[in-house]
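Engineer: I have a structure here, written as structure tokens, and I will follow up with some questions on it.
The values are calculated or read from the model by the stated rules, or taken from the named source; none is laboratory data. Quick caveat: nothing in here was measured; it's all calculated off a predicted structure. Please note: Cβ atoms are built from the backbone with ideal geometry, for glycine as well, and neighbour counts cover all protein chains shown.
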């Protein structure tokens, strides 16, 4: 499955009563909430003696993916465009792969 296909299919479950601004607000709130749920699982593992529940994290990451698709939809762009833009930025920042020195001494805007 390609990212744009996922976005198209996932947005069939989007609340049709939301306007574009509400779609974006709901998406960004959802991203924060689902990311919080994922980190809470890790927190319980690291600090409360729980086993790391990989299956639960994977489910939460699926929810993050859905809200990311919703955010892209709210902005009127496709997920593949967002992901390609991110790769372009990272390739410019780290042309030979991750480098600690380049990470610590980034130019403004990077």
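Engineer: Taking the condition of being in a loop (DSSP other than H, G, I, E, B), surrounded by fewer than 16 Cβ atoms within 10 Å (Cβ to Cβ) and at pLDDT 95 or above, how many residues in the range 1-17 meet it?
Structural biologist: Going through the range 1-17 one residue at a time, the tally reaches 4.
Engineer: Right, another one. Checking the structure you have, find out if any residue of the range 84-95 is at pLDDT below 95 and either at positive phi or touching a helix residue (DSSP H, G or I) at 6+ places or on another chain (Cβ under 7 Å) (or both).
Structural biologist: Looking for residues that are at pLDDT below 95 and either at positive phi or touching a helix residue (DSSP H, G or I) at 6+ places or on another chain (Cβ under 7 Å) (or both), one finds at least one in the range 84-95, hence yes.
Engineer: Please work out which one of (1) surrounded by 12 or more Cβ atoms within 10 Å (Cβ to Cβ); (2) assigned to a helix (DSSP H, G or I); (3) at pLDDT 95 or above is the condition residue 46 fails and give its number.
Structural biologist: Here residue 46 clears every test but (1).
Engineer: Sticking with this structure for a sec: Could you look through the range 72-110, keep only residues that are part of a loop (DSSP other than H, G, I, E, B) and touching a residue at least 24 places away in the same chain (Cβ under 8 Å), and pick out the one that is nearest to residue 7 (Cα to Cα)?
Structural biologist: Here the answer is 78.
Engineer: Can I ask one more? Any chance the range 23-30 includes a residue that's touching a residue at least 24 places away in the same chain (Cβ under 8 Å) and not in a helix (DSSP H, G or I)?
Structural biologist: no
Engineer: Among the residues of the range 35-52, are any within 26 Å of residue 17 (Cα to Cα) and either touching a residue at least 60 places away in the same chain (Cβ under 8 Å) or under 10 Å from the mean Cα position of the chain (by Cα) (or both)?
Structural biologist: Within the range 35-52, one or more residues are within 26 Å of residue 17 (Cα to Cα) and either touching a residue at least 60 places away in the same chain (Cβ under 8 Å) or under 10 Å from the mean Cα position of the chain (by Cα) (or both).
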